[in-house]
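Below you'll find the structure, written out as C-alpha cells, and then a few comments.
The values are calculated or read from the model by the stated rules, or taken from the named source; none is laboratory data. Owing to the predicted nature of the structure, the values given are computational and were not obtained by experimental measurement. Using ideal geometry, Cβ is built from the backbone for each residue, glycine included, and neighbour counts are taken over all protein chains shown.
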Ligand SMILES: [Fe+2]
Ligand SMILES: [Fe+2]
C-alpha cells in the first residue's frame, strides 16, 4: 500500500488542508493517508488545546475517503519528532510505502531537523507549494545527494493559512470557503478563538434530529452558522441568530394538519394557505412557542417570516432570511455573488435574491406573490431614502 502522512498544528484545520490531502491522494495514487495533529509542537508556544484541535480535524476529514485521523502525536506527552512518528508508522506498516507531506518552506530547514537521514530512509518526501514562496532548486538536489531521498513535488499551492483564519474568525465575513462550516460550528460551540459560545443550544440540536431528515438537519446547521456570521457582521446578537437559524425549519416535515393546528393563533397571509410549502415558517414559530414555551419575539418573528419575508422586516428577520438563502450547503448559479453581497449590504442582497426568484417564476410561468413585491418595494424605498 501507498500511505500518505500529513502532520501539523491544525489551529484550526481549514479547506486548504482538505484540498491538499485530496490532491495528494489523487496525484500519488495513495491507498490511505494519516492526518496527524501534533501534540506539543516545538517552537510554537501559542496553541489551542490539543484535544480541541484533534476534534476539529476529525470533523473536517470525516467524509474524505481513505483518510484516517491519528491521535498518536496528541497522546504523547513529550515533544514528538518526525523521525519518531515515521518509525512508529513503519512498525505498523512494515510492507508499505510511506509518503511524508510537507510545505516547501520547510525544505531549507529540513537539514537541521532531528535525524533527517532516518526520515528519508523511512519515507518519500512530498513537498507542496506555499503562497509567495519559491523553492530553492539546490535544496532538493542536496536531499537526494546526501540522504538518498526520494523527492516529489505536488502541483498544489497552499493559499490559506491558519493564522489568517484565526484573524478572520473575529470579523464578520462569510468564511466558509476557507473554513468548513462544521468546524466553525465546533469553534463556536466551544467558544474558541474568542467567539461567543453557543453550547447551551446543543440539546435543541439533538431534539431537532427527531423532527427533520439528515439533509435538512445539515442545512439547518448551515443556516445557524451563517446567521451567526451575519450577526457578527451587522452587530446583532450571535447567540439568538444561531438559535433561530438552527430551528427555523423545525416544522418542515410535520404533517399539514399539524402545521395548520400550530398556526391557529397566527394571522396567515392568503398565499401561505394557498401554498402549503410556505406554512412551515409560521408553524415553526407556533411550535417553538408551544413546545419550548419560547417568548422571544425577535426569534419568533424571524422564524415566522423566513420564507416570505414581510414589509417591515427587522435587521434580525433579514439575517435569518438571507442565511437561509446563502448557507454553505446551497449550490445554485450566483450563490457566491449573493454571499458576497449579503456580507456587504444586506438589503441589496435581499433585493438581488428576490429578483432572481421573480425571474425564475416568470420563466416558469408561475404566479408571483404580492408579498414578494411588497418586500422588494419596501427595501427599494428605504434605499432611495438613504436609510
Ligand atoms: Fe424554510
Ligand atoms: Fe431553510
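Quick notes on this one:
- So residue 302, is it modelled with pLDDT of 95 or more and assigned to a helix (DSSP H, G or I): yes
- Test: residue in the stretch 251-263 that is within 24 Å of the chain's Cα centre (by Cα) and within 14 Å of ligand 2 (Cβ to nearest atom): yes
- Residues considered: 312, 355. Of these, the only one that is in a loop (DSSP other than H, G, I, E, B) and farther than 21 Å from residue 280 by Cβ is 312.
- Taken over the stretch 319-369, the residue count meeting the criterion of being surrounded by fewer than 18 Cβ atoms within 10 Å (Cβ to Cβ) and within 16 Å of ligand 2 (Cβ to nearest atom) is 6.
- Residues that are assigned to a loop (DSSP other than H, G, I, E, B) and either touching a helix residue (DSSP H, G or I) at 6+ places or on another chain (Cβ under 9 Å) or within 12 Å of ligand 1 (Cβ to nearest atom) (or both) within the stretch 269-298 comprise 269, 279, 292, 294, 295, 296, listed in sequence order.
- Odd one out for residue 81 among (1) modelled with pLDDT of 95 or more; (2) under 19 Å from residue 126 (Cα atoms): (1)
- When residue 179 is tested against (1) part of a helix (DSSP H, G or I); (2) more than 13 Å from ligand 1 (Cβ to nearest atom); (3) under 14 Å from the mean Cα position of the chain (by Cα), only condition (1) is not met.
- Tally, over the stretch 240-268, of residues that are in contact (Cβ under 8 Å) with a residue 60 or more places away in the chain and either more than 11 Å from ligand 1 (Cβ to nearest atom) or outside any loop (DSSP other than H, G, I, E, B) (or both): 4
- Within the stretch 187-229, the residues that satisfy the criterion of being outside any helix (DSSP H, G or I), in contact with a helix residue (DSSP H, G or I) (Cβ under 8 Å, 6 or more places away or on another chain) and either within 16 Å of ligand 1 (Cβ to nearest atom) or closer than 26 Å to residue 336 by Cα (or both) are 195, 212.
- Within the stretch 230-241, none of the residues are within 15 Å of ligand 2 (Cβ to nearest atom), farther than 19 Å from residue 322 by Cβ and touching a helix residue (DSSP H, G or I) at 6+ places or on another chain (Cβ under 9 Å).
- Within the stretch 230-239, considering residues that are buried (at least 19 other Cβ atoms within 10 Å of the Cβ), in contact (Cβ under 8 Å) with a residue 60 or more places away in the chain and in a helix (DSSP H, G or I), the one nearest to ligand 1 (Cβ to nearest atom): 230
- Scanning the stretch 323-333 for residues that are part of a loop (DSSP other than H, G, I, E, B) and either closer than 13 Å to residue 175 by Cα or not assigned by TED's automatic domain parsing to the domain that holds residue 216 (or both) yields 327, 328.
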